[in-house]
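S.K.: Questions regarding the structure given below will be posed in turn.
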Amino acid sequence: MSGNQKLWGGRFAESTSALVEKFSESVSFDARLYRQDIAGSQAHARMLAKVGVLSETDAQAIVQGLDAIRDSIESGRFEWSEQLEDVHMNIEARLTEAIGEAGKRLHTGRSRNDQVATDLRLYVRDTIDALLPLIDRVTEGLLNLAEREADTVMPGFTHLQIAQPVSFGHHMLAWREQMLRDRSRLVDCRKRLNLLPLGAAALAGTVYPIDRHYVAELLGFDGVTENSLDTVSDRDFAIEFCSVASLIMVHLSRWSEELILWATPMFGFVNLPDRFCTGSSIMPQKKNPDVPELVRGKTGRVIGNLQALLVLMKGQPLAYNRDNQEDKPPLFDSVDTVRACLQVYAEMIPAIEVRRENCRAAAAKGYSTATDLADYLVRKGLPFRDAHHVVGSTVAYAQKKGCDIAELDLAELQAQSKLIEADVYACISLEGSLAARNHYGATAPTQVRAAIARARQRPS
Ligand code: ARG
């Protein structure tokens with residue numbers, strides 16, 4: 001295609017070098033914005049007709065021509081051309097081929113700078129709208145699992161050492177809290193981005209009597225952006241999205257790490273169904289937790305994409321710079337990755353089999369009720385520091401004997417402290433310890449069930 005055949009070719013004396021065409025094209029990745037691009041153009045054309053810049057007939061032809069182009073893209077008939085650089089010029093050129101003169105009038109009062117800003121905001125908005133129901137499936141799955149395992153005792157950890165018994169359901173509700181915060185971050189990001197860029201044109205606005213609020217209404221924006229220079233240069237919304245995507249991945253990655261540990265024979269807390277695992281090509285006995293491992297691994301990519309966008313923006317003067325074309329591959333990769341990871345988690349969570357006996361045995365092995373014995377002694381009048389000391393020596397004694405403190409008989413316990421009586425066993429059993437943490441936000445199964453009931457009442 002020679003220079004002056006390009007949509008912008010009027011002032012050019014020679015054709016773009018083939019190398020530069022290849023180097024600067026974006027259609028190979030921004031073609032995925034076609035739906036947003038078409039919707040934006042249709043709204044722009046309708047507005048131009050409304051304010052009298054375009055005839056009603058031309059606007060009609062444009063809207064219908066763009067509908068036909070969308071159909072041809074979706075049925076795979078559309079031929080994308082690298083020489084036409086990006087999604088915007090591919091569609092505009094095809095429109096003009098199809099409807100003639102009217103197609104050439106579409107770009108009146110608009111620039112690709114406000115066009116791409118609009119497409120991208122619409123795209124991130126559509127993405128958020130598609131991710132929210134997926135997140136809801138994940139959090140709903142966790143709620144159901146929490147209900148199923150409210151009475152299951154497992155060790156709670158600090159420093160990855162056995163600390164105190166907790167309900168498995170309580171642990172699932174902790175995961176859910178993380179994801180609920182991410183959900184509200186997405187909702188928040190959507191609110192802030194939902195303003196119309198069109199009208200900013202190249203950078204300074206346009207001479208036509210445009211009606212930006214009408215376009216905003218047609219496209220479902222809550223309003224219009226305030227400043228044309230800021231509008232064409234702003235990619236904060238993409239950075240915000242990638243930042244929320246990174247947090248989602250960090251949470252999924254932490255869950256993955258726990259599941260991977262829990263699925264080992266040394267923990268044996270869960271069994272991941274075969275359909276979420278793969279085997280080894282050499283070791284016939286292996287069943288590997290590849291899904292959580294891959295989620296943990298993909299987290300690096302998504303965090304990297306956030307870094308890429310931050311660094312992309314940090315040196316840019318106002319207003320639009322072509323650097324911004326580089327925003328799309330990292331953004332799209334984060335969208336695809338976070339969607340795929342949420343999908344696989346939404347499927348896997350309800351299928352997690354909890355091995356209750358192993359969870360319980362692990363909690364019993366780790367002297368996880370030692371704090372409960374100290375609290376018991378405090379209730380009998382001993383200062384906490386002294387109680388701490390008594391329990392330390394009781395644990396050492398039980399360790400030597402190779403049993404849990406709840407397995408020592410009363411005489412053995414009384415040798416440690418005269419204050420201990422038969423009622424101690426209700427406190428230092430796993431179930432007793434769990435049930436005693438009985439307040440809002442704590443792990444007693446009754447509290448876990450209350451938390452689930454509250455969750456079911458308030459919509460996320
Ligand atoms: N492909 C470009 C992008 O993604 C579209 C805007 C181009 N604008 C320009 N003035 N060259 O940012």
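No value in this document is a laboratory result; all are computed from the given coordinates. What you see is a predicted model, and the numbers here were worked out from it, not measured in a lab. Every residue, glycine as well, gets a Cβ built from its backbone with ideal geometry; the counts of neighbours run over all protein chains shown.
S.K.: For the stretch 76-134, give the magnitude of the charge dipole about the Cα centre (Cβ charges: +1 Lys/Arg, -1 Asp/Glu; no others), in debye to the nearest 20. Display every interim value, and only then the final one.
M.R.: Values: 8 positive and 11 negative charges, 43 e Å.
About 200 debye.
S.K.: Could you please rank VAL335, VAL311, placing first whichever residue has the fewest other Cβ atoms within 10 Å of its Cβ?
M.R.: VAL311, VAL335
S.K.: Multiply the residue gap between SER15 and ARG148 by 0.36 nm, knock off their C-alpha separation, and tell me the result in nm, one decimal place. Don't jump to the answer; show the numbers that get you there.
M.R.: Values: separation 133, 0.36 × 133 = 47.88 nm, distance 6.78 nm.
Between SER15 and ARG148, full extension yields an extra 41.1 nm.
S.K.: With 21 Å as the limit, write out which pairs from LYS298/LYS328; LYS50/LYS328; LYS6/LYS104; LYS50/LYS104; LYS22/LYS328; LYS50/LYS191 have Cα-Cα distances beyond it, or answer none.
M.R.: LYS50/LYS328; LYS50/LYS191
S.K.: Counting Lys +1, Arg +1, Asp -1, Glu -1, what net charge surrounds GLN447 among other residues with beta carbon under 11 Å of its beta carbon? Present the calculation step by step, with values, prior to reporting the outcome.
M.R.: Values: positive: ARG437, ARG449, ARG454; negative: none.
Residues near GLN447 contribute +3 overall.
S.K.: Further, regarding this structure: Multiply the residue gap between GLU226 and LEU160 by 0.36 nm, knock off their C-alpha separation, and tell me the result in nm, one decimal place.
M.R.: Between GLU226 and LEU160, full extension yields an extra 18.7 nm.
S.K.: Per residue of the stretch 193-206, what does 6.51 cos²θ - 1.76 cosθ + 1.60 with θ = phi - 60° give for ³J(HN,Hα)? Whole Hz please, x for Gly and Pro, Karplus curve as stated.
M.R.: Taking θ as phi minus 60°, the curve returns 7, 7, 10, 7, x, 3, x, 5, 6, 5, 5, 10, x, 9 Hz for the stretch 193-206.
S.K.: Which lysines have a Cα lying under 27 Å from the Cα of LYS418, excluding residues fewer than 8 positions away in the same chain?
M.R.: Filter leaves LYS365, LYS380, LYS400, LYS401.
S.K.: What ³J(HN,Hα) values, in whole Hz, does the Karplus curve 6.51 cos²θ - 1.76 cosθ + 1.60 give for the stretch 259-272 when θ = phi - 60°, with x put for Gly and Pro?
M.R.: Once θ is set to phi - 60°, the couplings for the stretch 259-272 become 4, 5, 5, 5, 7, 6, x, 5, 8, x, 6, 9, 10, 8 Hz.
S.K.: Based on the inverse mean of 1/r over its pairs of different Cα atoms, what is the Kirkwood hydrodynamic radius of the stretch 363-457, in Å?
M.R.: Taking every pair of different Cα atoms in the stretch 363-457, averaging 1/r and inverting gives 14.2 Å.
S.K.: Can you compute the charge dipole magnitude of the stretch 270-359 about its Cα centre, using +1 on each Lys and Arg Cβ and -1 on each Asp and Glu Cβ, nothing else charged? Give it in debye, rounded to the nearest 20. Mind showing how you got there, number by number?
M.R.: Values: 12 positive and 11 negative charges, 27 e Å.
Roughly 120 debye for the stretch 270-359.
S.K.: Putting +1 on Lys and Arg Cβ atoms and -1 on Asp and Glu Cβ atoms, find which of GLY315, GLY279, ILE260 reaches farthest to the positive end of the dipole of the chain.
M.R.: ILE260
S.K.: Points 7 angstrom from Cα along the Cβ direction at ASP236 and ALA130: gap in nanometres?
M.R.: 2.7 nm
S.K.: With axes computed from alpha carbons, what is the tilt in degrees of helix 112-148 against the longest principal axis of the chain, rounded to the nearest 10 within 0 to 90?
M.R.: For 112-148 against the chain, the angle is about 20 degrees.
S.K.: Sticking with this one: Rounded to two decimals, what is the ratio between the C-alpha radius of gyration of the chain and 2.2 N^0.38 Å? Walk me through the numbers on the way to the answer.
M.R.: Working: Rg = 30.7 Å, N = 460, 2.2 N^0.38 = 22.6 Å.
In units of the globular-protein estimate, the chain measures up at 1.36.
S.K.: Set Lys and Arg Cβ to +1 and Asp and Glu Cβ to -1, take the dipole of the chain about its Cα centre, and tell me which of ILE405, ALA455, THR139 lies farthest positive.
M.R.: Sorting the options by dipole projection puts first ILE405.
S.K.: Another one. Using θ = phi - 60° and the Karplus relation 6.51 cos²θ - 1.76 cosθ + 1.60, list the HN-Hα couplings for the stretch 44-61 in order, rounded to whole Hz, with x at every Gly or Pro.
M.R.: Taking θ as phi minus 60°, the curve returns 4, 5, 4, 5, 4, 5, 4, 8, x, 7, 10, 6, 4, 4, 4, 4, 4, 4 Hz for the stretch 44-61.
S.K.: Moving on. Can you list the chymotrypsin sites (Phe, Trp or Tyr not before Pro) in the stretch 389-440 that are in a DSSP coil and have 14 or fewer other beta carbons within 10 angstrom?
M.R.: Sites meeting the loop and neighbour criteria: TYR440.
S.K.: The stretch 56-100: which trypsin sites (Lys or Arg not before Pro) are DSSP loop and have at most 13 other beta-carbon atoms within 10 angstrom?
M.R.: Those that pass, being in a loop and sparsely packed, are ARG77.
S.K.: Amide H neighbours of GLY156 under 5 Å, counting only residues 5+ apart in sequence or on other chains, H built in-plane at 1.01 Å?
M.R.: Here the answer is ALA163, GLN164, VAL166, since their amide H atoms fall under 5 Å of that of GLY156.
S.K.: So how do GLU85, GLU140 line up by other beta-carbon neighbours within 10 Å, fewest first?
M.R.: Ordered by Cβ neighbours within 10 Å, fewest first: GLU140, GLU85.
S.K.: For PHE276, PHE221, what's the fewest-to-most ordering of other Cβ within 10 Å of each Cβ?
M.R.: By the 10 Å Cβ count, ascending, the order reads PHE276, PHE221.
S.K.: Farthest toward the dipole's positive end in the chain, which of LEU306, GLY65, GLY156, given Cβ charges of +1 (Lys, Arg) and -1 (Asp, Glu) about the Cα centre?
M.R.: Projecting each Cα onto the dipole axis, the largest value belongs to GLY156.
S.K.: How big is the antiparallel share of DSSP beta bridges in the chain, given as a percent to the nearest 5?
M.R.: 80 percent
S.K.: Please give the FRET efficiency for VAL51 paired with GLU257, using the beta carbon to beta carbon distance and R0 = 56 Å, rounded to the nearest 0.05. Please report the intermediate quantities before stating the final value.
M.R.: Numbers: r = 57 Å, r/R0 = 1.02.
Here the calculated transfer efficiency is 0.45.
S.K.: Rounded to the nearest 500 deg cm²/dmol, what is the calculated helix-only ellipticity per residue at 222 nm for the chain, with -39500 (n - 2.57) per DSSP H run of length n ≥ 4? Write down the numbers at each step before the final one.
M.R.: Working: 20 runs with 284 residues, N = 460.
For the chain, the value works out to -20000 deg cm²/dmol.
S.K.: For the chain, with only Lys/Arg (+1) and Asp/Glu (-1) charged at the beta-carbon, what is the dipole magnitude about the Cα centre, in debye rounded to 20?
M.R.: Values: 53 positive and 60 negative charges, 173 e Å.
Its charge dipole is roughly 840 debye.
S.K.: Another question, if that's okay. At VAL207 and SER184, where each label point lies 7 Å from the Cα along Cα→Cβ, what is the point-to-point distance in nanometres?
M.R.: 5.1 nm
S.K.: For every other residue with a beta carbon closer than 12 angstrom to the beta carbon of PHE276, add +1 if it is Lys or Arg and -1 if Asp or Glu, then tell me the sum.
M.R.: Around PHE276, the surrounding residues sum to -3.
S.K.: Using 0.36 nm times the number of residues separating VAL378 and GLU407, minus their current alpha carbon distance, what extension gain do you get? Before the final figure, lay out each step's value.
M.R.: Numbers: separation 29, 0.36 × 29 = 10.44 nm, distance 2.11 nm.
Full-extension gain reported as 8.3 nm.
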